[in-house]
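Step one of this worksheet: look at the structure below.
Nothing in this text is a laboratory measurement; each read-out follows from the coordinates by a stated rule. Computed from a predicted structure; not experimentally measured. Because the Cβ atoms are built from the backbone with ideal geometry, glycine has one as well, and the counts that use them run over all protein chains shown.
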Amino acid sequence: MGFPKNFVWGVASSSYQVEGAWNRDGKGLSVWDTYVHEQGHIQNQDTGDTACDQYGHIKEDIALMAEMQIKAYRFSISWPRVMPEGTGRINQKGLDYYDRLTDQLLENGITPYITLFHWDLPYQLYTKGGWMNRDITDYFAAYAETVVNRLSDRVKYWITENEPQCYIGAALASGEHAPGLKLGKKELFLAAHHSLLAHGKAVEAIRSCAKQASVIGYAPASWHLWSPVTEKAEDIEACRKMTFDAGEEPIGGTSWWLDPVCLGRYPDTTGYSYGAYIPDTTAEDMKIISQPIDFIGMNVYQTYRGKAGENGTCITIPNDPGYARTNAEWSVTPEALYWGPKFYEERYHKKLYITENGLSNQDWIFLDGQVHDLQRIDFLHRYLYQLKRAVEEGISVEGYFHWTLTDNFEWTSGYNNRFGLVYTDFKNQNRIIKDSGKWYRQVIETNGEIIK
Ligand code: FCB
């Protein structure tokens, strides 16, 4: 028992958070580049201009992964680095960068898993209406084709989009993420629909251009997830139902994204007032959106706990005073890595990867020159323990990607949240493998046997 022999142990990152080189070698602007340079959006007025300069540190970062025995690296491609205007002109130097990254990973026995879009929308496309303009679905497919043409002789694993709840929800509804809009519901639903359609068109593009059989996934945020506080059948059922409920904040819910992609329909919104704003969907659009994919990527951080209330409803259990939480104030809910995969598999019948999971901590360099991050080890241990339980019950989770390799730019909180297994000194770009990185290496070396 334990983790299957070929279980994929990886780390994950995203272009804007690690690359830096925001204006080098012909890269175009993304909405994040313009947003961070405006006053008042990001803590300390931090920017991702340099971040951890992975653009200039590929060799070093891959050596760190190799030292930790990491088997796979999930990274994203910056759309405006490859296509500065988002459409049309290709920046060969941008593609060259991803070529080098891919080759060096493979030389070190690390499998690349590429995310095509992790929020850094080309600014030029934003000025054309961004996700509200239906043309973006074709631009995205053309961009996917460009990347796949260049890399698919060596890359097999693709993820179309990361967490639409953030780049549509937090970016266009609550105004917290770039480009910081607060759209009305009608426009928001339209943007969400286009994001789904872009996913479907990208899947088609990958399947038709790839030079080898591809394995394709989609990775929405999995925070809309309720774990039962007991194993009573009614508590489990209430939490299962709640996990897939369309929700008061519809585009935040899991089913809002995964039902169209995996079941070919929007979730039931009966009883919710926003139903009137959902765009009419043609069967043709739904067919594109629900192209068969190979796996669902689950990004799991904080989730909820629940139990059955009256008439099968779910009561969310509030956190105890002084509950365990991370530096980002996210509650520690490891059981989500058992219940989440179980619920997802039952509903969607797809293979799963944990494409992100991790903790932000107040890490610093100790007097002995090392970074002792016990909390992260305990966090990881607890979450992996629950994942092991799921895997041992036969739920098909193929791999686990820890967020993240190096401390990096954490969106609106800037550099205040350190998520890395490797400490980054942002003044001089020195890296130090933290205790958790050494511990993760043992997990990988024993294929999870030390998780007890
Ligand atoms: C996820 C994002 C990722 C990172 C982690 C901490 O929501 O996908 O970029 O910021 O949170």
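Label positions at E445 and A324, each projected 7 Å from the Cα along the C-beta direction, are separated by 2.5 nm. Estimated from helical segments only, the mean residue ellipticity of the chain at 222 nm is -10000 deg cm²/dmol, where each DSSP H run of four or more residues counts as -39500 (n - 2.57).
Total Lys pairs in the stretch 150-273 closer than 18 Å by alpha-carbon, pairs eight or more apart in sequence or interchain only? Write down the numbers at each step before the final one.
Numbers: K156/K201; K156/K211; K201/K211; K232/K241.
Taking the stretch 150-273 as the scope, the lysine pair count is 4.
Find the Rg to Rh ratio for the chain, where Rh is the Kirkwood radius over alpha-carbon pairs and Rg uses the same atoms. Using Cα coordinates only, the ratio equals 0.94. Helices in the chain that qualify as membrane-span-like (whole DSSP H runs, Cα extent of at least 30 Å along the helix axis, mean Kyte-Doolittle hydropathy of -0.5 or higher) are 185-209. Note on the stretch 327-452: Cα Rg divided by 2.2 N^0.38 Å, N the number of residues, gives 1.13.
Considering the options Y440, F366, L101, tell which one lies farthest towards the positive end of the dipole of the chain, charges being +1 on Lys and Arg and -1 on Asp and Glu at the Cβ, about the Cα centre. Final value for the positive-end residue is L101.
Based on C-alpha pairs under 8 angstrom that are at least 6 apart in sequence, the chain has a relative contact order of 18 percent.
Name the shape class, rounded, prolate or oblate, that the alpha-carbon gyration tensor gives for the stretch 209-284, where a ≥ b ≥ c are the square roots of its eigenvalues, rounded holds for a/c under 1.5, and otherwise prolate holds if a/b is larger than b/c and oblate otherwise. Don't skip to the answer; put the middle values down first.
Numbers: a/c = 2.65, a/b = 1.27, b/c = 2.09.
Since a/c reaches 1.5 but b/c is at least a/b, the shape of the stretch 209-284 is classed as oblate.
Its Cα centre serving as origin, the chain has a Cβ charge dipole (Lys and Arg +1, Asp and Glu -1) of approximately 640 debye. Put simply, the amide H of K211, placed in the peptide plane, has neighbours under 5 Å in S152, D153, leaving out anything fewer than 5 places away on its chain.
Between N430 and I317, the distance separating the two model label sites (each 7 Å from Cα on the Cα→Cβ line) works out to 4.5 nm. Looking at the stretch 55-114, the trypsin sites (Lys or Arg not before Pro) that sit in a DSSP loop and have at most 14 other Cβ atoms within 10 Å of their own Cβ are R89. Shown for the stretch 47-90 is the translational diffusion coefficient from the Stokes-Einstein equation, using the Kirkwood radius over Cα pairs, a temperature of 37 °C and a viscosity of 0.692 mPa s: 261 µm²/s.
Which longest run of the chain has no exposed loop site in it, a site being chymotrypsin sites (Phe, Trp or Tyr not before Pro) in a DSSP loop with at most 14 other beta carbons within 10 Å, and the site itself not part of the run? Between exposed loop sites, the widest span is 1-322.
Spin-label model, H349/E237: points 7 Å from Cα along the beta carbon direction are separated by 2.3 nm. Taking the DSSP beta bridges with both ends in the chain, the antiparallel portion is around 20 percent.
Rg/Rh for the stretch 98-243 (Cα atoms only, Rh after Kirkwood) is 1.06. Compactness of the stretch 31-153 is given as radius of gyration and Dmax, 15.8, 45 Å, from Cα positions. Using the Kirkwood radius over C-alpha pairs as Rh, can you work out the diffusion coefficient of the stretch 292-344 via Stokes-Einstein at 37 °C, viscosity 0.692 mPa s, in µm² per second? Calculated translational D: 249 µm²/s.
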